[in-house]
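Everything below concerns the one structure shown next.
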Amino acid sequence: MTSDEIAELIGDKPYRGKQIFRWIHGRQAESFDAMTDLPKTIREKLKLSHTIGSYALKLRSVQSADQTTKYLFQMDNNTIIESVYMSYRFGGSVCASTQAGCRLGCAFCASGKSGLERNLAPSEICGQVYAIQREKPRVGHVVLMGSGEPLDNYESTVRFIKLISDENGQRMSRRSITVSTCGLTPRIINLADEMLPVTLAVSLHAPDDAARERLMPVARVFPMRELLRACEYYADKTGRQVTYEYTMIKGVNDSLSQAKELAARLKGTLSHVNLIRLNELEDLDWNASSEETIRRFADTLNGCGVKTTVRRALGGGISAACGQLRNHHNNTYSR
Ligand code: SAH
(Lines give C-alpha, C1' and ligand atoms only; values in the text may rest on other atoms or scores of the structure.)
Protein backbone atom coordinates (compact mmCIF):
# COMPACT_ATOMS: atom_id res chain seq x y z
CA MET A 1 0.00 0.00 0.00
CA THR A 2 1.05 3.57 -0.61
CA SER A 3 1.21 5.95 2.36
CA ASP A 4 -2.05 7.60 1.28
CA GLU A 5 -3.77 4.24 1.18
CA ILE A 6 -2.46 3.42 4.65
CA ALA A 7 -3.73 6.77 6.00
CA GLU A 8 -7.12 6.07 4.47
CA LEU A 9 -7.15 2.57 5.90
CA ILE A 10 -6.69 3.80 9.46
CA GLY A 11 -8.86 6.89 8.88
CA ASP A 12 -6.08 9.21 9.93
CA LYS A 13 -4.04 12.13 8.61
CA PRO A 14 -1.62 11.66 5.66
CA TYR A 15 1.42 12.01 7.95
CA ARG A 16 0.39 8.88 9.86
CA GLY A 17 0.33 6.97 6.58
CA LYS A 18 3.84 8.23 5.84
CA GLN A 19 5.01 7.26 9.30
CA ILE A 20 3.80 3.68 8.89
CA PHE A 21 5.14 3.51 5.33
CA ARG A 22 8.54 4.61 6.62
CA TRP A 23 8.54 1.80 9.17
CA ILE A 24 7.61 -0.82 6.60
CA HIS A 25 9.69 0.21 3.59
CA GLY A 26 12.42 2.39 5.11
CA ARG A 27 13.22 0.51 8.28
CA GLN A 28 11.60 -2.74 7.27
CA ALA A 29 9.84 -3.32 10.57
CA GLU A 30 8.53 -6.84 10.86
CA SER A 31 5.79 -6.13 13.40
CA PHE A 32 3.44 -3.29 14.30
CA ASP A 33 4.87 -3.42 17.84
CA ALA A 34 8.19 -2.16 16.46
CA MET A 35 6.52 1.11 15.39
CA THR A 36 7.19 2.75 18.71
CA ASP A 37 6.33 6.32 17.70
CA LEU A 38 2.84 5.26 16.70
CA PRO A 39 0.01 5.56 19.29
CA LYS A 40 -0.64 2.23 20.95
CA THR A 41 -4.32 2.31 19.97
CA ILE A 42 -3.42 2.39 16.26
CA ARG A 43 -0.86 -0.37 16.66
CA GLU A 44 -3.36 -2.60 18.43
CA LYS A 45 -6.01 -1.93 15.81
CA LEU A 46 -3.64 -2.72 12.96
CA LYS A 47 -2.47 -5.90 14.66
CA LEU A 48 -6.01 -7.22 14.71
CA SER A 49 -6.86 -6.40 11.13
CA HIS A 50 -3.63 -6.50 9.09
CA THR A 51 -0.30 -8.15 8.54
CA ILE A 52 2.89 -6.62 7.17
CA GLY A 53 3.35 -7.73 3.54
CA SER A 54 4.99 -11.01 2.78
CA TYR A 55 8.72 -10.57 2.87
CA ALA A 56 10.60 -13.07 0.75
CA LEU A 57 11.84 -15.84 3.00
CA LYS A 58 15.36 -16.82 2.06
CA LEU A 59 15.73 -20.58 1.78
CA ARG A 60 19.19 -20.78 0.29
CA SER A 61 21.82 -18.87 -1.63
CA VAL A 62 24.86 -19.74 -3.68
CA GLN A 63 27.69 -17.45 -4.77
CA SER A 64 29.85 -17.70 -7.88
CA ALA A 65 33.46 -16.67 -8.36
CA ASP A 66 32.36 -13.36 -9.93
CA GLN A 67 30.51 -12.33 -6.72
CA THR A 68 27.11 -13.05 -8.26
CA THR A 69 24.74 -14.57 -5.72
CA LYS A 70 21.62 -16.52 -6.59
CA TYR A 71 18.87 -16.69 -4.00
CA LEU A 72 16.04 -19.13 -3.56
CA PHE A 73 13.07 -17.46 -1.87
CA GLN A 74 9.84 -18.82 -0.53
CA MET A 75 6.77 -16.64 -0.97
CA ASP A 76 3.17 -17.03 0.10
CA ASN A 77 1.45 -20.34 -0.68
CA ASN A 78 4.84 -22.08 -0.85
CA THR A 79 5.65 -20.43 -4.17
CA ILE A 80 9.38 -20.60 -4.76
CA ILE A 81 11.27 -18.14 -6.94
CA GLU A 82 14.82 -17.10 -7.70
CA SER A 83 16.54 -13.71 -7.58
CA VAL A 84 20.12 -12.70 -8.31
CA TYR A 85 22.51 -10.14 -6.81
CA MET A 86 25.24 -8.80 -9.09
CA SER A 87 28.18 -6.66 -8.11
CA TYR A 88 29.28 -3.91 -10.48
CA ARG A 89 31.73 -1.04 -10.30
CA PHE A 90 28.80 1.32 -9.77
CA GLY A 91 27.35 -0.79 -6.94
CA GLY A 92 25.05 -3.69 -6.42
CA SER A 93 22.15 -4.64 -8.63
CA VAL A 94 19.27 -7.01 -7.90
CA CYS A 95 17.68 -9.04 -10.67
CA ALA A 96 14.16 -9.64 -9.37
CA SER A 97 11.38 -11.95 -10.54
CA THR A 98 7.88 -10.64 -11.23
CA GLN A 99 6.14 -13.98 -11.76
CA ALA A 100 6.68 -17.56 -10.67
CA GLY A 101 7.24 -19.16 -14.06
CA CYS A 102 6.18 -17.40 -17.24
CA ARG A 103 3.58 -17.95 -19.94
CA LEU A 104 5.36 -16.36 -22.89
CA GLY A 105 7.36 -19.45 -23.80
CA CYS A 106 10.43 -17.98 -25.54
CA ALA A 107 12.21 -20.97 -27.09
CA PHE A 108 15.62 -20.26 -25.55
CA CYS A 109 14.54 -19.43 -21.98
CA ALA A 110 14.17 -21.83 -19.04
CA SER A 111 11.74 -19.65 -17.07
CA GLY A 112 8.78 -20.49 -19.25
CA LYS A 113 9.39 -24.21 -19.63
CA SER A 114 6.68 -25.16 -17.11
CA GLY A 115 4.33 -22.26 -17.85
CA LEU A 116 3.07 -19.67 -15.40
CA GLU A 117 2.47 -20.61 -11.76
CA ARG A 118 1.25 -17.19 -10.63
CA ASN A 119 1.84 -13.46 -10.56
CA LEU A 120 3.86 -12.07 -7.66
CA ALA A 121 2.35 -9.36 -5.46
CA PRO A 122 4.12 -5.97 -5.21
CA SER A 123 5.17 -6.87 -1.66
CA GLU A 124 6.80 -10.04 -2.97
CA ILE A 125 8.82 -8.11 -5.56
CA CYS A 126 9.89 -5.55 -2.92
CA GLY A 127 10.57 -8.47 -0.56
CA GLN A 128 13.26 -9.89 -2.85
CA VAL A 129 15.12 -6.58 -2.88
CA TYR A 130 14.78 -6.02 0.88
CA ALA A 131 15.93 -9.54 1.75
CA ILE A 132 19.04 -9.17 -0.41
CA GLN A 133 19.70 -5.66 0.88
CA ARG A 134 19.95 -7.04 4.39
CA GLU A 135 23.11 -8.92 3.48
CA LYS A 136 24.64 -7.09 0.52
CA PRO A 137 26.11 -3.62 0.33
CA ARG A 138 24.66 -0.76 -1.70
CA VAL A 139 21.85 -2.15 -3.80
CA GLY A 140 21.33 0.84 -6.08
CA HIS A 141 19.72 -0.83 -9.09
CA VAL A 142 16.94 -3.24 -9.77
CA VAL A 143 16.44 -5.04 -13.06
CA LEU A 144 13.15 -6.83 -13.54
CA MET A 145 14.81 -9.58 -15.54
CA GLY A 146 14.28 -12.57 -13.28
CA SER A 147 11.62 -15.12 -14.04
CA GLY A 148 8.39 -13.82 -15.52
CA GLU A 149 7.24 -11.05 -17.81
CA PRO A 150 6.87 -7.78 -15.87
CA LEU A 151 4.30 -6.32 -18.26
CA ASP A 152 2.19 -9.48 -18.01
CA ASN A 153 1.94 -8.61 -14.29
CA TYR A 154 1.48 -4.94 -15.05
CA GLU A 155 -0.32 -3.69 -11.92
CA SER A 156 2.20 -5.27 -9.55
CA THR A 157 5.14 -4.03 -11.59
CA VAL A 158 3.95 -0.41 -11.61
CA ARG A 159 3.11 -0.54 -7.93
CA PHE A 160 6.50 -2.05 -7.14
CA ILE A 161 8.22 0.84 -8.98
CA LYS A 162 6.21 3.38 -7.00
CA LEU A 163 6.85 1.67 -3.66
CA ILE A 164 10.60 1.16 -4.05
CA SER A 165 11.15 4.72 -5.27
CA ASP A 166 8.93 6.36 -2.64
CA GLU A 167 10.67 9.18 -0.76
CA ASN A 168 9.58 7.68 2.56
CA GLY A 169 10.97 4.25 1.74
CA GLN A 170 14.02 3.16 -0.22
CA ARG A 171 14.09 6.25 -2.46
CA MET A 172 15.53 4.23 -5.31
CA SER A 173 15.91 6.37 -8.39
CA ARG A 174 13.41 5.35 -11.06
CA ARG A 175 16.20 5.72 -13.59
CA SER A 176 17.98 2.91 -11.79
CA ILE A 177 15.11 0.50 -12.36
CA THR A 178 14.96 -1.51 -15.59
CA VAL A 179 11.78 -3.13 -16.83
CA SER A 180 12.57 -5.82 -19.37
CA THR A 181 9.78 -7.01 -21.65
CA CYS A 182 9.39 -9.54 -24.42
CA GLY A 183 7.38 -6.88 -26.24
CA LEU A 184 3.76 -6.59 -25.06
CA THR A 185 3.14 -3.56 -27.25
CA PRO A 186 -0.05 -2.13 -25.65
CA ARG A 187 1.54 -2.38 -22.21
CA ILE A 188 4.60 -0.45 -23.37
CA ILE A 189 2.27 2.38 -24.35
CA ASN A 190 0.54 2.16 -20.96
CA LEU A 191 3.90 2.28 -19.19
CA ALA A 192 4.96 5.33 -21.21
CA ASP A 193 1.76 7.08 -20.13
CA GLU A 194 2.52 6.39 -16.44
CA MET A 195 5.46 8.80 -16.81
CA LEU A 196 7.73 6.80 -14.54
CA PRO A 197 11.09 7.35 -16.19
CA VAL A 198 12.31 3.77 -15.70
CA THR A 199 14.67 2.19 -18.22
CA LEU A 200 12.76 0.12 -20.74
CA ALA A 201 14.57 -2.92 -22.12
CA VAL A 202 12.92 -4.79 -24.97
CA SER A 203 13.84 -8.33 -25.92
CA LEU A 204 14.14 -8.14 -29.69
CA HIS A 205 16.48 -11.02 -30.54
CA ALA A 206 15.89 -10.78 -34.30
CA PRO A 207 15.81 -8.11 -37.01
CA ASP A 208 12.56 -9.25 -38.64
CA ASP A 209 9.24 -10.88 -37.78
CA ALA A 210 9.96 -14.25 -39.38
CA ALA A 211 13.15 -14.82 -37.41
CA ARG A 212 11.59 -13.40 -34.28
CA GLU A 213 8.55 -15.66 -34.48
CA ARG A 214 10.83 -18.67 -34.53
CA LEU A 215 12.23 -17.65 -31.17
CA MET A 216 9.34 -15.91 -29.43
CA PRO A 217 5.66 -16.88 -29.77
CA VAL A 218 4.71 -13.35 -28.65
CA ALA A 219 6.04 -12.02 -31.97
CA ARG A 220 3.05 -13.56 -33.74
CA VAL A 221 0.73 -11.37 -31.69
CA PHE A 222 2.72 -8.14 -31.71
CA PRO A 223 4.68 -7.56 -34.92
CA MET A 224 7.92 -5.65 -34.87
CA ARG A 225 6.71 -2.57 -36.69
CA GLU A 226 4.14 -1.80 -34.01
CA LEU A 227 6.51 -2.85 -31.26
CA LEU A 228 9.21 -0.44 -32.46
CA ARG A 229 6.64 2.30 -32.84
CA ALA A 230 5.56 1.79 -29.20
CA CYS A 231 9.22 1.95 -28.15
CA GLU A 232 9.66 5.24 -29.96
CA TYR A 233 6.57 6.51 -28.18
CA TYR A 234 8.15 5.44 -24.88
CA ALA A 235 11.39 7.27 -25.74
CA ASP A 236 9.49 10.40 -26.81
CA LYS A 237 7.29 10.45 -23.76
CA THR A 238 9.99 9.78 -21.14
CA GLY A 239 13.10 11.13 -22.85
CA ARG A 240 14.81 7.84 -22.03
CA GLN A 241 16.65 5.75 -24.57
CA VAL A 242 15.26 2.25 -25.04
CA THR A 243 17.55 -0.73 -24.66
CA TYR A 244 17.11 -3.56 -27.15
CA GLU A 245 18.26 -6.91 -25.87
CA TYR A 246 19.55 -9.28 -28.51
CA THR A 247 20.57 -12.81 -27.55
CA MET A 248 23.18 -14.14 -29.96
CA ILE A 249 22.38 -17.62 -31.25
CA LYS A 250 24.75 -19.33 -33.68
CA GLY A 251 23.39 -19.54 -37.20
CA VAL A 252 19.97 -18.23 -36.17
CA ASN A 253 20.23 -14.47 -35.71
CA ASP A 254 23.93 -13.63 -35.81
CA SER A 255 24.81 -13.01 -39.48
CA LEU A 256 26.23 -9.68 -40.62
CA SER A 257 23.29 -9.18 -42.98
CA GLN A 258 21.01 -9.49 -39.96
CA ALA A 259 23.14 -6.91 -38.14
CA LYS A 260 22.68 -4.53 -41.09
CA GLU A 261 18.95 -5.17 -41.21
CA LEU A 262 18.66 -4.47 -37.49
CA ALA A 263 20.72 -1.30 -37.87
CA ALA A 264 18.43 -0.09 -40.66
CA ARG A 265 15.40 -0.53 -38.42
CA LEU A 266 16.90 1.19 -35.37
CA LYS A 267 18.97 3.92 -36.95
CA GLY A 268 17.93 7.38 -35.84
CA THR A 269 15.89 6.17 -32.85
CA LEU A 270 16.78 6.94 -29.23
CA SER A 271 18.11 3.47 -28.53
CA HIS A 272 20.95 1.23 -27.51
CA VAL A 273 21.50 -2.43 -28.37
CA ASN A 274 22.73 -4.86 -25.75
CA LEU A 275 24.06 -8.14 -27.14
CA ILE A 276 23.77 -11.16 -24.84
CA ARG A 277 25.65 -14.35 -25.56
CA LEU A 278 23.15 -17.22 -25.44
CA ASN A 279 23.38 -19.09 -22.18
CA GLU A 280 23.09 -22.65 -23.30
CA LEU A 281 20.46 -24.79 -21.62
CA GLU A 282 20.69 -28.58 -21.35
CA ASP A 283 17.52 -29.33 -23.30
CA LEU A 284 18.18 -26.96 -26.17
CA ASP A 285 19.67 -27.61 -29.59
CA TRP A 286 20.91 -24.07 -30.12
CA ASN A 287 24.42 -22.87 -29.41
CA ALA A 288 25.87 -19.51 -28.50
CA SER A 289 27.55 -17.40 -31.17
CA SER A 290 31.33 -17.18 -30.88
CA GLU A 291 32.98 -14.17 -29.21
CA GLU A 292 34.36 -13.21 -32.61
CA THR A 293 30.91 -13.27 -34.26
CA ILE A 294 29.45 -11.20 -31.42
CA ARG A 295 32.23 -8.65 -31.72
CA ARG A 296 31.74 -8.32 -35.48
CA PHE A 297 27.97 -8.04 -35.07
CA ALA A 298 28.53 -5.24 -32.52
CA ASP A 299 31.07 -3.51 -34.79
CA THR A 300 28.63 -3.61 -37.71
CA LEU A 301 25.86 -2.03 -35.64
CA ASN A 302 28.17 0.61 -34.20
CA GLY A 303 29.54 1.27 -37.70
CA CYS A 304 25.99 1.96 -38.87
CA GLY A 305 25.51 4.49 -36.06
CA VAL A 306 23.52 2.24 -33.69
CA LYS A 307 25.09 2.26 -30.22
CA THR A 308 25.83 -1.32 -29.21
CA THR A 309 27.44 -3.00 -26.20
CA VAL A 310 27.97 -6.63 -25.21
CA ARG A 311 26.49 -7.66 -21.87
CA ARG A 312 29.01 -9.02 -19.41
CA ALA A 313 27.99 -12.56 -18.54
CA LEU A 314 27.66 -13.04 -14.79
CA GLY A 315 26.49 -16.01 -12.77
CA GLY A 316 27.01 -18.69 -15.41
CA GLY A 317 28.56 -21.30 -13.13
CA ILE A 318 25.58 -21.24 -10.75
CA SER A 319 22.80 -21.18 -13.38
CA ALA A 320 21.97 -17.60 -12.48
CA ALA A 321 22.52 -16.02 -15.89
CA CYS A 322 19.84 -14.68 -18.26
CA GLY A 323 17.38 -17.38 -19.18
CA GLN A 324 18.58 -19.84 -16.57
CA LEU A 325 16.17 -19.06 -13.73
CA ARG A 326 13.66 -21.84 -13.47
CA ASN A 327 10.55 -22.68 -11.60
CA HIS A 328 11.90 -25.93 -10.23
CA HIS A 329 15.15 -26.43 -8.45
CA ASN A 330 18.30 -28.44 -8.65
CA ASN A 331 20.85 -28.75 -5.90
CA THR A 332 23.22 -25.94 -6.80
CA TYR A 333 22.46 -24.20 -3.51
CA SER A 334 24.23 -24.54 -0.21
CA ARG A 335 22.96 -23.18 3.06
N1 SAH B 1 10.33 -11.43 -19.70
C2 SAH B 1 11.29 -10.38 -19.79
C3 SAH B 1 12.42 -10.46 -18.77
C4 SAH B 1 13.11 -11.78 -18.62
S5 SAH B 1 14.65 -12.26 -19.12
C6 SAH B 1 11.85 -10.30 -21.18
O7 SAH B 1 11.54 -11.15 -22.00
O8 SAH B 1 12.57 -9.35 -21.48
C9 SAH B 1 15.83 -11.10 -19.40
C10 SAH B 1 16.55 -11.29 -20.73
O11 SAH B 1 17.23 -12.56 -20.84
C12 SAH B 1 15.60 -11.24 -21.91
O13 SAH B 1 16.11 -10.41 -22.90
C14 SAH B 1 15.57 -12.68 -22.36
O15 SAH B 1 15.15 -12.81 -23.68
C16 SAH B 1 17.02 -13.09 -22.13
N17 SAH B 1 17.23 -14.53 -22.15
C18 SAH B 1 16.34 -15.52 -21.90
N19 SAH B 1 16.91 -16.73 -22.05
C20 SAH B 1 18.19 -16.50 -22.38
C21 SAH B 1 19.30 -17.37 -22.63
N22 SAH B 1 19.19 -18.70 -22.58
N23 SAH B 1 20.49 -16.80 -22.93
C24 SAH B 1 20.62 -15.45 -22.97
N25 SAH B 1 19.63 -14.60 -22.72
C26 SAH B 1 18.42 -15.12 -22.45
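The values are calculated or read from the model by the stated rules, or taken from the named source; none is laboratory data. No experiment lies behind these values; they were computed from the predicted model shown. As a convention, Cβ positions derive from the backbone with ideal geometry for all residues, glycine included, and neighbour counts pool all protein chains shown.
Can you go through Asn253, Asn279 and tell me which one is modelled with pLDDT of 95 or more and either away from the ligand (no atom under 12 Å from the Cβ) or not in a helix (DSSP H, G or I) (or both)? Walk me through it before giving the result.
Details: Asn279 fails: modelled with pLDDT of 95 or more.
Only one candidate passes the filter, namely Asn253.
Scanning the stretch 197-211 for residues that are assigned to a helix (DSSP H, G or I) and either buried (at least 23 other Cβ atoms within 10 Å of the Cβ) or at pLDDT below 95 (or both) gives no hits.
Checked against (1) within 16 Å of the ligand (Cβ to nearest atom); (2) surrounded by fewer than 22 Cβ atoms within 10 Å (Cβ to Cβ), Val142 meets all criteria but (2). Selection of first residues in the stretch 303-326 that are farther than 19 Å from Cys106 by Cα and of second residues that are among the polar types (S, T, N, Q) and within 9 Å of the ligand (Cβ to nearest atom), restricted to Cβ pairs under 7 Å at least 6 apart or on distinct chains, gives the following pairs, ordered by first then second residue: Thr309/Asn274; Arg311/Asn274; Gly316/Asn279. Annotation: Asp166 fulfils all but one of (1) without any contact (Cβ under 8 Å) to a residue 60 or more places away in the chain; (2) more than 16 Å from the ligand (Cβ to nearest atom); (3) surrounded by fewer than 20 Cβ atoms within 10 Å (Cβ to Cβ); the unmet one is (1). Counting the residues of the stretch 169-185 that are more than 12 Å from the chain's Cα centre (by Cα) and within 16 Å of the ligand (Cβ to nearest atom) gives 3. Within the stretch 290-322, restricting attention to residues that are part of a helix (DSSP H, G or I) and of a type in the set (Gly, Ala, Ser), the residue that is nearest to the chain's Cα centre (by Cα) is Gly316.
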